[in-house]
Amino acid sequence: MPGTCAIPKLGTLPPSLQYLEVSIPGSDCLGVVDLQGLPESLRVLRIKEGMTPTNLVALPPHLQVLELDYPQDEQLPPLPQSLRKFRMGCLAYKFSLPDLPPALEDLSLKDYHGPLPELPSTLKRPGVHECAVQFPPVLPASLRSVSSHYDDPDLQSPGSSHYDDPELQLPGFRHACRGLWVRIGAEGEASSAGSGA
């Protein structure tokens, strides 16, 4: 994990701001961005390459997209009910995930080692990469596919999700190809698996 190199202050953000992305592409150290006081108007928040958030005590109530590459030493606050897309890298994250909101459609986790919250009935595309998680025995009917891989065979454990385990217990799904399970009988299953889409 890179060392900390910067702690940028965002200052006062416009009260009508809807999109915010903070990143340091190509950096070999980690910036820490203070997210206290985000405007309630925000719809998309991306804290990406080379950045980790701090003081993220509350998320805007109408947020629809949340992407966090390197959250570290703070428990995430509750996710807003409006959230539809949630992606998070969890390499240094030591906490459980908050409950997933009922409108969530797209979930992607990387390097997460902990319990999965209950999956909402709207979820369509969960992805777990480099994770050691167990899916619940009953999966939402909305799921069409699940992507999962685990690149380091030395870290794999029985029942964890990784790409070369076609016996991963996902009731109603079949192992289509490396890292992809598709729902049996889902419309377009054969063409999607064959095209790699």
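Any read-out appearing in this document is the output of simple, stated calculations on the displayed coordinates, not a laboratory observation. Model, not experiment: these values are computed from the prediction. Neighbour counts run over all protein chains shown; Cβ positions are idealised from the backbone, glycine included.
Length gain on complete extension for the stretch residue 10 to residue 96, per 0.36 nm per residue less the alpha carbon to alpha carbon distance?
Details: separation 86, 0.36 × 86 = 30.96 nm, distance 2.76 nm.
Length gained between residue 10 and residue 96: 28.2 nm.
Let me know the shape class of region 1-104, please: from the alpha-carbon gyration tensor, a ≥ b ≥ c as square roots of the eigenvalues, rounded when a/c is under 1.5, otherwise prolate if a/b is greater than b/c, or oblate. If you can, show how the numbers build up before the last one.
Numbers: a/c = 1.87, a/b = 1.26, b/c = 1.49.
Oblate, because a/c is 1.5 or more while a/b does not exceed b/c.
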If the label point is 7 Å along Cα→Cβ of residue 82, which residues in region 36-56 have backbone nitrogen under 20 Å from it? 36-47, 56
Using each residue's phi in region 69-78, evaluate 6.51 cos²θ - 1.76 cosθ + 1.60 at θ = phi - 60° and report the 3J(HN,Hα) Karplus result to the nearest Hz, with x for Gly and Pro. 7, 9, x, 10, 9, 10, 5, 5, x, x
Would you mind computing, in nm to one decimal, how far apart the modelled labels at residue 144 and residue 65 are, each placed 7 Å from Cα along Cα→Cβ? 1.9
Spelling it out for residue 105: with amide H atoms placed in the peptide plane at 1.01 Å from N, the residues 5 or more places away or on another chain with amide H under 5 Å from its amide H are 85
Calc'd 3J(HN,Hα), region 34-51, phi into Karplus 6.51 cos²θ - 1.76 cosθ + 1.60 (θ = phi - 60°), Hz, glycine/Pro = x, comes to 7, 10, 5, x, 5, x, 5, 6, 4, 10, 10, 10, 10, 10, 10, 2, x, 10
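Between residue 75 and residue 110, 0.36 nm times their residue separation minus their Cα-Cα distance comes to what?
Full extension from residue 75 to residue 110 adds 10.9 nm.
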From the phi of every residue in region 52-67, what ³J(HN,Hα) in whole Hz does the Karplus formula 6.51 cos²θ - 1.76 cosθ + 1.60 yield, where θ is phi - 60° and glycine or proline is x? 10, x, 9, 6, 8, 8, 8, 9, x, x, 10, 4, 10, 10, 10, 10
